[in-house]
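The values are calculated or read from the model by the stated rules, or taken from the named source; none is laboratory data. Model, not experiment: these values are computed from the prediction. Note that each Cβ is placed from the backbone with ideal geometry, even for glycine, and that neighbours are counted across all protein chains shown.
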Amino acid sequence: MIRRKRVLIAGGGGSIGSELVRQLSKSNKVFIIDIDETNAFDLAEALELEGRWVHSRIGDICEKETVEDVFSDFRPHVVINAAARKHVKPNEDYPIEAVRTNILGLHNLLQATRRWPVQRFVQISTDKAVNARSIMGATKLLGEVMVRNRGGIVVRFGNVMGSRGSVIPFWQGQLDRGEAVTVTDERMERYFMSIEEACRLVIEAAEVGRRGETLILEMGRHVNVLELAKEIVARTGRGDIRMIGMRPGETLSEKLMSVEEEARAIKRGRFHVIPAL
């Protein structure tokens, strides 16, 4: 379905957003809006040199006028929102920033879809929205409700390995500086998948999802974070592991669905689908 369309990707300069741009620009016109000038500009320039139609607009989705300008100029058929404040600790320290981007910025995008002919709106969410214990998780949970109520599609998954700010690049930075690899708790476990796989499934969800549905990617088993750290240290042949304890908002384990959602979920291909109420 997503061929020869105008696709707007909010947060298109980030790790997941940029991979979505690379995959979707093969057969569509893609417009990036991102607050990070360098990443978005460099990505658009590189893909335009390959003959693809990619345009970047530096801007903040929290600014209503900016969002309106983008929609009126580009008139997207498909909107994918990958823009988010996604780190637990900074959002616990400064909740207003999580609210501004994850709720008010999303609201601006959804409001714009009322005035322009958008066929699909896809919100990228996180397993931290399930039984939310953190500010970040709570804002993403509210974002899911907002999108479903407007007839959009929510795609929810766990940690993406190699994405900016994720644990493996963070550990690599510690090792490069000669520091010990830090782990919060020996019992902590998370779901992991690659950037490429996550983005392929986001695009598939945009194609097969129906209005008001939540699609949860099949992510296999939890991975113990301490065991993952041991493997990274063993492969590099250097470094120690230091336990630092859990920080505010963190949990030992994440779930992909709540108990209520598990009771209603149906299997569709590689997705667990929560139907619209």
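So, in segment 61-106, exactly how many residues are assigned to a loop (DSSP other than H, G, I, E, B) and closer than 23 Å to residue 22 by Cβ? Let's see the steps before the verdict.
Kept after step one, since they are assigned to a loop (DSSP other than H, G, I, E, B), are these residues of segment 61-106: 61-63, 75-77, 82-87, 94.
Those still in the list that are closer than 23 Å to residue 22 by Cβ too: 61, 75-77, 82-84, 86.
Qualifying residue count, segment 61-106: 8.
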Practice problem: Name every residue in segment 1-31 that is buried (at least 23 other Cβ atoms within 10 Å of the Cβ), among the β-branched types (Val, Ile, Thr) and more than 15 Å from the chain's Cα centre (by Cα), in order of residue number. | Solution: 7, 30
Quiz item: So how many residues does segment 260-277 have that are hydrophobic (A, V, I, L, M, F, W, C) and at pLDDT 95 or above?
Solution: 5
Quiz item: When you scan segment 234-244, how many residues do you find that are closer than 15 Å to residue 170 by Cα and modelled with pLDDT under 90?
Solution: 3
Practice problem: State which residue is nearest to residue 167 (Cα to Cα) when the search covers only segment 226-261 and only residues that are in contact with a helix residue (DSSP H, G or I) (Cβ under 7 Å, 6 or more places away or on another chain) and among the aliphatic types (A, V, I, L, M). | Solution: 229
Quiz item: Among the residues of segment 61-99, how many are crowded, with 17+ Cβ neighbours inside 10 Å and either on the phi > 0 side of the Ramachandran plot or not β-branched (Val, Ile, Thr) (or both)?
Solution: 13
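Does segment 212-222 include one or more residues that are surrounded by fewer than 18 Cβ atoms within 10 Å (Cβ to Cβ) and more than 23 Å from the chain's Cα centre (by Cα)?
If we filter segment 212-222 for residues that are surrounded by fewer than 18 Cβ atoms within 10 Å (Cβ to Cβ), which is where we start, we get 212, 218, 220-222.
Still in the list and also more than 23 Å from the chain's Cα centre (by Cα): none.
No, segment 212-222 has no match at all.
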Quiz item: Tell me, which strands (runs of 3 or more DSSP E) wholly within segment 153-210 include 2 or more residues that are of a type in the set (A, V, I, L, M), at pLDDT 90 or above and over 21 Å from residue 258 (Cβ atoms)?
Solution: 181-183
Quiz prompt | Tabulated pairs, segment 1-18, first part of a helix (DSSP H, G or I), second modelled with pLDDT under 95 and of a type in the set (S, T, N, Q), C-beta under 6 angstrom, 6+ apart or interchain | solution = 15/163
Exercise. Only one of these is more than 24 Å from residue 140 (Cα to Cα) and surrounded by 18 or more Cβ atoms within 10 Å (Cβ to Cβ): 225, 183, 202, 273. Name it.
Key: 183
Self-check item: Selected residue [among the β-branched types (Val, Ile, Thr), out of contact with any strand residue (DSSP E or B) (no Cβ under 9 Å at 6 or more places or on another chain) and closer than 28 Å to residue 191 by Cβ] from 79, 99, 21, 122
Solution: 99
